[in-house]
Amino acid sequence: MIRFEHVTKGYPDGTVAVDDLSFEVAEGELVTLVGPSGCGKTTTMKMVNRLIEPTSGRIFLDGEDISTLDPVVLRRRIGYVIQQVGLFPHKTVLENTATVPHLLGWPRRKARERAAELLDLVGLDPATHGARYPDQLSGGQRQRVGVARALAADPPVLLMDEPFGAVDPVVRERLQSEFLRLQQQVRKTVLFVTHDIEEAVRLGDRIAVYGSGRIEQFDTPATVLGAPATPYVADFVGSDRGLKRLSVTLIESGDLEQPPVVRLDDSAREAAARLADEEARWAVVLDGEGTLHGWVAADTLGEGAVRDHARRMEAWLPVGSSLKQAFSAMLQHDAGWIAVLDGDHFLGVLTPGRLHGALRRSVEAEARDVSRGEVRLEAVPGA
Ligand SMILES: Nc1ncnc2c1ncn2[C@@H]1O[C@H](COP(=O)(O)OP(=O)(O)OP(=O)(O)O)[C@@H](O)[C@H]1O
């Protein structure tokens with residue numbers, strides 16, 4: 001969808017902002033550009049919508065050389081979100097969001113309907129927030145409007161330059177989650193600039209790690225963390241990259257342990273006897289369909305049916321959650337294990353031992369996939 005071919009941008013003072021860059025972003029892919037200040041991320045991005053022209057090399061959008069396109073026409077195909085949002089202060093949120101459809105000559109009503117739909121999509125109520133002015137919104141809400149406005153004309157490509165850079169860490173995490181959910185719905189081709197490796201890892205299908213004017217590594221988050229291509233990348237992703245890996249490794253059903261299971265309608269006495277036989281201290285309680293109802297402790301099972309003794313399961317996650325979410329749920333609930341569900345269906349439990357196993361699985365899978373001879377992995381205790 002976006003292809004850079006040997007693109008260089010030099011300035012008259014001799015600065016080479018971007019040096020012989022070649023890479024490709026597939027349709028519907030979200031690529032994060034990450035690196036320290038001044039390494040050429042923004043320059044890369046601005047060359048895509050021709051706010052900056054390359055000194056040499058070519059950039060293609062959907063197979064077309066963008067230097068042959070009228071910049072105004074080109075920019076209609078590209079949504080642009082920046083940190084300073086740049087909302088018009090004298091226009092309402094709804095009018096701000098409808099800006100591009102207006103410019104494209106959509107009928108007023110259609111433009112406003114589309115703007116309302118987009119505000120809803122980014123989690124703002126068009127009825128209340130739509131009528132406000134930008135200075136009546138929080139920083140996080142303004143960023144959401146920025147995203148809604150960029151999406152209003154439904155461009156296939158989005159360029160995002162540190163869009164969540166100006167908000168506090170809590171709001172930032174929320175905006176990231178919302179954006180990921182949104183991206184699953186709209187599937188735009190996205191170039192996303194950040195200097196925050198955590199953000200790059202969390203959002204990117206692939207990450208381009210920039211050194212000075214060059215990409216040092218262009219790969220999936222798991223590979224960048226597990227097998228940094230150069231000492232520079234290893235240094236940039238940080239010595240705690242093993243921990244960061246938790247957020248990019250997803251729970252699979254094969255990672256789970258199968259604890260003893262009792263059914264809601266089982267007799268409590270029989271269940272207690274079985275657990276004693278198995279030397280188990282607790283069991284998961286399911287109904288006939290395999291839906292999770294909670295858990296029971298073996299030593300509290302008395303008279304009646306299991307359902308009379310079942311306790312609510314507080315700590316559970318859907319399959320496909322990250323190991324980081326699992327670890328954080330364990331800490332939050334002070335739980336030695338958490339249940340993993342597929343919809344309502346119980347799949348198994350994740351224990352600290354299994355979590356460690358899942359982490360090793362991801363490291364080993366990566367090591368097999370990585371064709372480079374040298375793979376640097378952090379020592380995993382017990383590995
Ligand atoms: N007009 C200019 N003349 C000379 N050098 C420039 C000019 N514009 C940008 N540069 C230089 O080009 C380099 C790349 O800048 P760019 O804005 O792409 O960096 P960046 O990685 O986006 O940094 P940041 O994270 O700080 O925004 C920097 O060294 C910058 O000083």
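For a label point 7 Å from the Cα of K110 along Cα→C-beta, name the residues of the range 127-169 whose backbone N is under 19 Å from it. Counting only backbone N, you get 149-156.
The lysine pair count for the range 2-245, using Cα distances under 19 Å and pairs eight or more places apart or on different chains, is 4.
Residues in the range 329-336 carry Karplus couplings, in order, of 5, 4, 5, 4, 9, 6, 10, x Hz; the curve used is 6.51 cos²θ - 1.76 cosθ + 1.60 with θ = phi - 60°, and Gly or Pro positions show x. Database remark: amide H of G348 closer than 5 angstrom to the amide H of V340 (H placed geometrically; neighbours at sequence offset of 5 or more, or on other chains; Pro and chain starts carry no H).
Entry note, the chain: relative contact order of 15 percent, from Cα contacts under 8 Å with a spacing of 6+ residues. Can you give the percent of C-alpha pairs in the range 253-350 whose distance is more than 15 Å? Here the tail beyond 15 Å accounts for 58 percent of pairs.
Rounded to the nearest 0.05, what FRET efficiency is calculated for D344 and D13 with R0 set to 56 Å and r the Cβ-Cβ distance? That gives a FRET efficiency of 0.35.
Note the full-extension length gain between M1 and D265 as 0.36 nm times their separation in residues minus their Cα-Cα distance, in nm to one decimal.
On the way: separation 264, 0.36 × 264 = 95.04 nm, distance 5.62 nm.
Value of the extension gain: 89.4 nm.
Evaluated at q = 0.12 Å⁻¹, a Debye calculation over the C-alpha positions of the chain (equal weights, vacuum) places log10 I(q)/I(0) at -0.99. Name the residue from P126, W316, A283 whose Cα lies farthest towards the positive end of the charge dipole of the chain, charges +1 on Cβ of Lys and Arg and -1 on Cβ of Asp and Glu. Farthest towards the positive end: P126. The stretch between E64 and I52, if pulled fully straight at 0.36 nm per residue, gains 2.6 nm over its current Cα-Cα span. Comparing P318, P54, P156 in a Gaussian network model of the chain, where Cα atoms under 10 Å apart are tied by springs, the biggest mean-square fluctuation is seen for P318. Taking amide H atoms as placed 1.01 Å from N in the peptide plane, the amide H of Y80 lies under 5 Å from those of L159, each 5 or more residues away in sequence or on another chain.
Rg of the Cα atoms in the range 1-128, relative to 2.2 N^0.38 Å, amounts to 1.26. Between amide H atoms placed 1.01 Å from N, distances below 5 Å from L33 occur with F192, V193, T194, A208, all of them 5 or more places distant or on a separate chain. Length gained on full extension, H102 to D235, computed as 0.36 nm times the residue gap minus the Cα-Cα distance: 43.2 nm. Here the residues T92, T44, ranked from fewest to most Cβ neighbours within 10 Å of their Cβ, fall in the order T92, T44. If I fit a long axis through the Cα atoms of helix 268-277 and take the longest principal axis of the Cα atoms of the chain, what angle between them do I get, 0 to 90°, rounded to 10? So the helix axis and the longest Cα principal axis differ by about 90 degrees.
To check you understand DSSP bridge types, tell me what percent of the beta bridges within the chain (both residues inside) are antiparallel, rounded to 5.
Working: 32 of 57 bridges.
Antiparallel: roughly 55 percent of the beta bridges in the chain.
Readers should treat all values here as calculations from the given coordinates under stated rules, not as data from a laboratory. This structure is a prediction, so every number in the text was calculated from the model and none was measured. Quick reminder, even Gly has a Cβ in these numbers, built from the backbone with ideal geometry, and neighbours come from all protein chains shown.
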